[in-house]
1. Go through (i) 18.9, 63; (ii) 21.0, 71; (iii) 16.0, 50 and flag the label whose value is the computed Rg and Dmax of the Cα atoms in Å for this structure.
2. Quick check: the angle from helix 60-78's long axis to the longest principal axis of the chain, C-alpha only, nearest 10 degrees?
3. Could you tell me how far the Cα centroid of the stretch 58-96 sits from the Cα centroid of the stretch 100-163, in Å?
4. Modelled label-to-label distance, residue 56 and residue 5, 7 Å Cα→beta-carbon offset: nm?
5. Once fully extended, how much extra length lies between residue 98 and residue 26, figured as 0.36 nm per residue of separation less the alpha-carbon to alpha-carbon distance?
6. Can you compute the modelled spin-label distance between residue 13 and residue 33, with each label point 7 Å from Cα toward Cβ, in nm?
């Protein structure tokens, strides 16, 4: 089991980001301080999204992290406009949520997208539709903690090249 060589430079960049706790190891998901994980996963997602790495060449975890944490960052920054900003990626985002066990989030987002489209981009309509499918991780921080925990618990399977 080894880190993919193509991801090492991205991980090195992530742990040097000012928004990430100092002193994290390259495999930051092995660090015992859980407070650092969400920021590091978010920075990793943004870096992966901006990279030219081919999804097919990466272990599945990096693809999931890129879609999910980038989406969450978009939502924090843009609110429901994230539906437009990441429209092309939404099918993959829905699948990613389902793959990590957050089917309720995928369904809530599908409903929000339908309402967004039907209303011509109305924030209130999108939010109301999202809230018709409340689930255990509807709160942003709860969902981010779940996601970080998921990737930590499944790191060996999702973040390394098979050897």
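Values quoted throughout were computed directly from the atomic coordinates according to the rules given, and no laboratory measurement underlies them. In this text, all values refer to a predicted model and were calculated from it rather than measured experimentally. Because the Cβ atoms are built from the backbone with ideal geometry, glycine has one as well, and the counts that use them run over all protein chains shown.
1. Computing Rg and Dmax of the Cα atoms in Å and matching it to (i) 18.9, 63; (ii) 21.0, 71; (iii) 16.0, 50 gives (iii).
2. Taking the Cα atoms of the chain, the angle to 60-78 is about 50 degrees.
3. What the calculation gives is 9 Å, centre to centre.
4. 2.0 nm
5. That pair, residue 98 and residue 26, stretches by 23.1 nm at full extension.
6. Each label point is offset 7 Å from its Cα along the Cβ direction, giving 2.4 nm.
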